[in-house]
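The values are calculated or read from the model by the stated rules, or taken from the named source; none is laboratory data. Here the structure is a predicted model, which is why all the values come from computation and not from measurement. Here Cβ is always computed from backbone atoms with ideal geometry, including for glycine, and neighbour counts include all displayed protein chains. Heads up: the accessible areas ignore ligands, DNA and RNA and are worked out on the full protein's heavy atoms, side chains in. Shrake-Rupley method; radii C 1.70, N 1.55, O 1.52, S 1.80 Å.
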Amino acid sequence: MNVRLEEDRSLLDEFRRGDRAALGRVFLAYCDDVARQVRAARVPAHDVESVVQDVFIKAFTPQARQSYDGLRPYGAWLNTITRNLVIDRARKDQRLVLRAPDDMPVLVADDDPREEQEASELDAVVAAWKSELDEEDARLFTARF
């Protein structure tokens with residue numbers, strides 16, 4: 001889906017009004033880019049989907065929809081929300097160790113190998129669970145996350 005919110009005035013108007021179909025189109029157009037940015041920040045794999053959802057929850061509030069000016073690229077606007085959310089989450093969870101891209105401040109807490117092992121094990125459990133989903137549940141999971 002090749003949607004650029006800043007180039008489609010009709011979609012922008014519907015987005016600002018909170019039209020569900022418009023919000024869905026915007027989400028689908030930008031969710032992969034947001035997920036890539038979250039992964040680039042080395043957020044544990046089992047948390048990526050949650051962070052992506054949090055980004056869009058924040059970006060889709062009425063106040064946020066109205067504050068987007070429609071002139072600058074929406075992807076860049078979402079990147080700022082994503083970066084700030086990842087930083088805030090890292091500050092709240094001092095156990096989280098982030099290896100950020102060059103343009104993002106690095107937040108590092110105690111390097112505890114047990115936490116890295118635990119995160120790795122949790123990632124494996126989630127991946128195994130996902131692989132066992134039937135087709136309908138997999139579609140539902142994909143649509144939700």
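Listed values, structure above:
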read-out	value
Selection from the range 20-47 of residues that are open to solvent by 60 Å² or more (accessible area, probe 1.4 Å) and under 22 Å from residue 62 (Cβ atoms)	20, 21, 25, 28
Candidate set from the range 3-49 (those that are without any contact (Cβ under 8 Å) to a residue 24 or more places away in the chain and among the small types (Gly, Ala, Ser)); member that is farthest from residue 84 (Cα to Cα)	10
Single condition residue 68 does not satisfy, out of (1) more than 30 Å from residue 119 (Cα to Cα); (2) open to solvent by 30 Å² or more (accessible area, probe 1.4 Å); (3) hydroxyl-bearing (Ser, Thr, Tyr)	(2)
Hits in the range 71-82 - residues which are touching a Phe, Trp or Tyr at 6+ places or on another chain (Cβ under 8 Å) and open to solvent by less than 40 Å² (accessible area, probe 1.4 Å)	74, 75, 78
